[in-house]
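Below you will find the structure I want to go over with you.
The values are calculated or read from the model by the stated rules, or taken from the named source; none is laboratory data. The structure displayed is predicted, hence computed values, not measured ones. Positions of Cβ are backbone-derived with ideal geometry, glycine not excepted, and every protein chain shown enters the neighbour counts.
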């Protein structure tokens, strides 16, 4: 005979009721032991959290002779130890701040230098690219001007080879000498042949 509340083949999880800290700890251990192959991550305590944080003020300051020979020597020793711990903490904090500032300054300097190098290289690349474009344009212009010159010479020359169509014009240059274009074109033709 079956019990009404029992379900076949399934385990019913009981609701966990917290009664004490031992119960909480037992529940955590049981959960960990359910899967023993699973790695457990134990967080490390931060060193800053672990350090003793002394108050920045001490109200009862005693000199070294105040505790000597009295029943409050242990109080003097405790206050002295506390003050030394406070001073040590302040020194370590200032040293850490100084090191952090130096590190940040070094990072900024490295970043500036890297940016300068990249800018310099970028400018060099752009200049090289611009020069290549200009060289290409110059070569195209030179090719087109030489082709234009050749076309003009062909137009100027007759099909028989006579230079009857050439206009003879005189130009004066800076020294006031006249130059005959017809003579120049004839000398160029003789040099080409």
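Of the numbered conditions (1) closer than 30 Å to residue 89 by Cβ; (2) under 41 Å from the mean Cα position of the chain (by Cα); (3) at pLDDT 75 or above, residue 72 satisfies every one except a single condition; which is it?
So residue 72 meets the others, but not (2).
Considering every residue within region 43-58, establish whether at least one is assigned to a loop (DSSP other than H, G, I, E, B), closer than 24 Å to residue 93 by Cβ, at pLDDT below 85 and over 43 Å from the mean Cα position of the chain (by Cα).
There is at least one residue in region 43-58 that is assigned to a loop (DSSP other than H, G, I, E, B), closer than 24 Å to residue 93 by Cβ, at pLDDT below 85 and over 43 Å from the mean Cα position of the chain (by Cα).
Look through 133, 88 and report the one residue that is in a helix (DSSP H, G or I) and under 30 Å from residue 62 (Cα atoms).
After applying the criteria, what remains is 88.
Go through (1) in a loop (DSSP other than H, G, I, E, B); (2) under 50 Å from the mean Cα position of the chain (by Cα); (3) at pLDDT 75 or above and name the single condition residue 17 misses.
(2)
Any idea which of 106, 128 is farther than 30 Å from residue 47 by Cα and under 29 Å from the mean Cα position of the chain (by Cα)?
After applying the criteria, what remains is 128.
Within region 24-40, how many residues are in a loop (DSSP other than H, G, I, E, B) and modelled with pLDDT of 85 or more?
Result for region 24-40: 5.
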